[in-house]
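A short write-up of the structure that comes next.
The values are calculated or read from the model by the stated rules, or taken from the named source; none is laboratory data. Not measured: the values here are computed from a predicted model. Cβ atoms come from the backbone with ideal geometry, glycine included; neighbour counts cover every protein chain shown.
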Amino acid sequence: MKTFSELNLVEPLKKSIEALGFTIPTPIQALSVPATLLGKNMIGVAQTGSGKTAAFSIPMITALIKNPQLNGLVLVPTRELADQVCEVIRSLTKFVPLLNPVMLIGGVAMGPQFRDLKRNPRIIVATPGRLMDHMGRKSVRLINFGFVVLDEADRMLDMGFLPQIERIFLQLPRQRQTLLFSATMPVQILKLTHKYIENPLQVKIESTPEQAPKISQKTIEISQNNKNDILLDEINTRVGSILIFTGTQHRADRVARFLLSYAIKSDRIHGGRSQAQRKRALDEFRSETIRVLVATDIAARGIDVDHVAHVINYDLPRASEDYVHRIGRTGRAGREGQALSFISGEDKGKWKAIQRLMKQSGKHDFVEQVVAAPASSRAPRPAPVQGLERTMSPHRPSAPYRKAAADKKTSRPFDRREPYAGGRERRDQPRGGFYGDQKEQGDRPSQATGANKPVFPRRERAPGATRREFKRW
Ligand code: AMP
């Protein structure tokens, strides 16, 4: 297939594809769409940015138009990716009535999702945990969902979603078309495909040297307490949007606050923020309203922001594979990108593991290594501008708590609230946000398994606060 017009697509879908400006299919689309339009199952090895969303959406929409009894389900690992995928499906169904795509993700209220589900959506884009929640409440029945897509399957596995995926597959009709996309093919995914996908067509898209992103990598050997100074210097000497990765939610907050105090427009995105806050931060970064986004590994995959010119690893990732995904956020859409990693004494082992992994994957990337000047020889950092960090959107307790705090009827010290630590972590896991991000409570079943129940810190209920408000707070 050389152009989309060669395909025998229905007119409204053709029109939407044209409206999106897609004329020539990307390699994954050219290889997979003709076969999947004929009803074949498929396993696709392709990176984000390869055009795989349209590669599975076009055959799904076509199948749903042809068979009015059929519905489509797209499972994705993160809420941000769900948002992105849903957006593409909405654009592709712009001229196709009655498909009503809806998004079911954690971290947001159930009410609007119940309302959406009452309108009989024929396409659901969901994260596994929230979908299981809906299945438990019987607001979703998967009996007619005969077109299933598993996107970023390897990421779902990393995030521990395998048990949920297996349970979801048990509820799906046996007669179905299944497409699976993954950036890598570890053994567990192969097992999953053997179990749930019959005779799949296998498509693998290797990036050619011309397509491979041009990312220059650099490391700075640095001491832990020097990081902020060097970060400030690096930001001031670079041009363009910057994505900074930290190891924990708490550190992401601290770095964002630090940057704001130096009048650098920034925000942060991590598992401890509400979905609305995460969406706003990402939207502002995408529209270049803010120049710097500080993130935990939640943003390392799937986020497609073309103009990220630099990725700075303030902390190295715990899992070596995440390094590749992190730096892959830059150098997108044919642009050049730069990746900088801060290596402190304790990071040396991690850095060696990352280099080993890069060698194994055949990416013998040259990394420029620099040692930071000692703090004593550096010019002192100017004083921050007082009060600027207050522009950072704070945590805001709900109305009864604000009132009670004003009336001093509760002992909760709002103004000295501890940095975000939990609600999402379990007592048997170390503190510090990492687990909170890897296993988002909002994306896991709250009822289905007792084991995953989050342990909330003890709090007082403010006088007059309803139980619901108390819970939300
Ligand atoms: P994806 O891998 O689905 O996230 O897509 C990455 C980017 O490629 C998105 O910005 C799409 O709009 C764009 N894209 C997908 N398919 C095509 C196509 N056939 N022609 C041009 N752009 C495309």
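Annotations for the structure displayed:
- Among (1) in contact with a helix residue (DSSP H, G or I) (Cβ under 6 Å, 6 or more places away or on another chain); (2) closer than 30 Å to Leu38 by Cβ; (3) crowded, with 22+ Cβ neighbours inside 10 Å - the single one Ile124 does not satisfy: (1)
- With respect to the conditions (1) among the hydrophobic types (A, V, I, L, M, F, W, C); (2) closer than 22 Å to Arg79 by Cα; (3) in contact (Cβ under 8 Å) with a residue 40 or more places away in the chain, Ile189 lacks only one, and its number is (3).
- The single condition from (1) within 20 Å of Arg130 (Cα to Cα); (2) within 12 Å of the ligand (Cβ to nearest atom) that Ala54 fails is (1).
- Subset of segment 106-118 that is in contact (Cβ under 8 Å) with a residue 12 or more places away in the chain and over 19 Å from Phe147 (Cα atoms) - its residue that is surrounded by the fewest Cβ atoms within 10 Å (Cβ to Cβ): Phe114
- Listed by position, the strands (runs of 3 or more DSSP E) inside segment 136-224 whose residues that are touching a Gly at 6+ places or on another chain (Cβ under 9 Å) and of a type in the set (S, T, N, Q) number at least 1 are 177-182, 201-204, 214-221.
- Any hit, segment 73-80, residues being more than 16 Å from the ligand (Cβ to nearest atom), crowded, with 16+ Cβ neighbours inside 10 Å and modelled with pLDDT of 90 or more: yes
- Here Val187 meets each of (1) at pLDDT 90 or above; (2) out of contact with any Ser or Thr (no Cβ under 9 Å at 6 or more places or on another chain); (3) not acidic (Asp, Glu) with one exception, condition (1).
- Taken together, the residues in segment 281-298 that are closer than 14 Å to Glu80 by Cβ and without any contact (Cβ under 8 Å) to a residue 40 or more places away in the chain amount to 4.
- Yes/no for Thr48 being hydroxyl-bearing (Ser, Thr, Tyr), more than 22 Å from Thr127 (Cβ to Cβ) and either in the same structural domain as Asn199 (by TED's automatic domain parsing) or away from the ligand (no atom under 13 Å from the Cβ) (or both): no
- Residue match in segment 263-274 (condition: farther than 27 Å from Met110 by Cβ, surrounded by fewer than 18 Cβ atoms within 10 Å (Cβ to Cβ) and away from the ligand (no atom under 16 Å from the Cβ)): yes
- Some residue of segment 97-112 being in the same structural domain as Gln171 (by TED's automatic domain parsing) and over 29 Å from Ser274 (Cα atoms): yes
- Criterion violated by Gly106 - all others in (1) more than 19 Å from Gly44 (Cβ to Cβ); (2) modelled with pLDDT of 95 or more satisfied: (2)
- Here is the figure for segment 5-45: residues that are outside any loop (DSSP other than H, G, I, E, B) and near the ligand (Cβ under 7 Å from one of its atoms) total 1.
- Of the residues Ala63, Ala82, the single one that is over 28 Å from Arg326 (Cβ atoms) and either part of a strand (DSSP E or B) or of a type in the set (A, V, I, L, M) (or both) is Ala63.
- Residues within segment 115-133 that are in a helix (DSSP H, G or I) and not charged (D, E, K, R), tallied: 5
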